[in-house]
Amino acid sequence: MPLALDKLLTEVRACTVCQSHFLHTPRPVLQCGVKARILIAGQAPGRKVQATGIPFDDASGDRLRDWMGVDKAVFYDAEKIAILPMGFCYPGTGKSGDLPPRPECAPLWRQRLLEALPNIRLTLVIGQYAMAWHMPEVKKQTLTETVKHWQDHSAAGVVPLPHPSPRNNIWMAKNQWFAEEVLPRLKKKIQAAFDNA
C-alpha cells in the first residue's frame with residue numbers, strides 16, 4: 001500500500017470527531033487498497049460491524065456478496081474491493097432502526113480517500129445517503145426509481161442498489177425485477193471490472 005494511503009487510513013481509523021454524539025467508542029470501519037477496482041459506497045456500519053470492526057460482517061453482507069457473486073476471500077481483499085460507507089462509525093439506534101450516518105464524516109474524509117483510489121472501475125452506491133453524494137442528479141427520484149433506471153448511470157461506472165439489509169425483504173418481494181433483471185447484469189459488470197485489471 002502506498003505510504004500516502006497508509007498514512008490517511010491511519011488518520012481515519014484514529015478519528016474521534018463524532019465521539020460526543022455516541023454512547024459508544026468511535027470505531028471507524030472501512031477497507032481500501034490502491035489497486036481496488038470496485039468501490040462499495042454504503043451508509044454506515046451496524047451494531048455487529050461496530051463490534052467486530054469488519055465491514056458488512058452481518059446478514060446485509062451475506063446478501064450483498066450474493067448479489068455481487070463474490071465470496072468472502074474476494075470481498076475482503078482490499079486490493080480488489082474498497083468499502084467506504086458515508087459514515088465510518090456505527091451511528092447508534094433511533095426509533096425505527098439505526099440512525100443516519102454522522103454528517104461530519106464524509107466532508108472530512110471522503111474526497112481524500114476517493115482520490116487515493118485511482119483504479120476504481122465500478123462503484124456500487126447503496127442507499128439514499130450514498131446516492132446523495134455519488135449521484136446528486138437523482139435527488140428528486142425515489143430509491144426505487146433510481147435503482148430501476150440503473151442503466152442510465154452505468155456508463156459512468158455507477159450502479160445504484162437498495163440496502164441489502166433483511167429489513168428490505170418487503171422491498172425485494174415487491175420489486176422482483178431487481179433480482180431477475182439487475183442482479184445478473186451486476187454480476188457481469190463486477191467480473192468485467194476484475195477482468196480489466
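State whether one or more residues within region 105-128 are among the basic types (K, R), surrounded by 15 or more Cβ atoms within 10 Å (Cβ to Cβ) and within 30 Å of R13 (Cβ to Cβ).
So far as region 105-128 goes, yes, one or more of its residues are among the basic types (K, R), surrounded by 15 or more Cβ atoms within 10 Å (Cβ to Cβ) and within 30 Å of R13 (Cβ to Cβ).
Could you grab me the full set of residues in region 57-75 that are touching a residue at least 40 places away in the same chain (Cβ under 8 Å) and assigned to a loop (DSSP other than H, G, I, E, B)?
G69, V70
What number of residues within region 142-191 satisfy the criterion of being without any contact (Cβ under 8 Å) to a residue 40 or more places away in the chain and out of contact with any Leu (no Cβ under 7 Å at 6 or more places or on another chain)?
Number satisfying all stated conditions: 34.
For the subset of region 1-14 comprising residues that are touching a helix residue (DSSP H, G or I) at 6+ places or on another chain (Cβ under 9 Å) and either among the β-branched types (V, I, T) or outside any loop (DSSP other than H, G, I, E, B) (or both), which member is surrounded by the fewest Cβ atoms within 10 Å (Cβ to Cβ)?
Looking at the filtered set, the residue picked out is E11.
Kindly indicate whether P45 is in contact with a Pro (Cβ under 7 Å, 6 or more places away or on another chain), within 17 Å of I120 (Cα to Cα) and not in a strand (DSSP E or B).
no
How many residues are under 18 Å from the mean Cα position of the chain (by Cα), more than 22 Å from K48 (Cα to Cα) and surrounded by fewer than 16 Cβ atoms within 10 Å (Cβ to Cβ) if we restrict to region 156-182?
Matching residues across region 156-182 total 2.
In region 15-27, which residue that is in contact (Cβ under 8 Å) with a residue 12 or more places away in the chain and in a loop (DSSP other than H, G, I, E, B) is farthest from R112 (Cα to Cα)?
So, considering only residues that are in contact (Cβ under 8 Å) with a residue 12 or more places away in the chain and in a loop (DSSP other than H, G, I, E, B), the one farthest from R112 (Cα to Cα) is L23.
Condition check: within 29 Å of W177 (Cα to Cα), surrounded by fewer than 23 Cβ atoms within 10 Å (Cβ to Cβ), over 15 Å from the mean Cα position of the chain (by Cα) and modelled with pLDDT of 95 or more. Does D62 satisfy that?
no
Which of the residues spanning region 82-97 are assigned to a strand (DSSP E or B) and either at pLDDT 95 or above or under 24 Å from I38 (Cβ atoms) (or both)?
Residues satisfying the conditions are A82, I83.
The values are calculated or read from the model by the stated rules, or taken from the named source; none is laboratory data. No experiment lies behind these values; they were computed from the predicted model shown. When we count neighbours, we look across all protein chains shown, and the Cβ atoms used for this are built from the backbone with ideal geometry, even at glycine.
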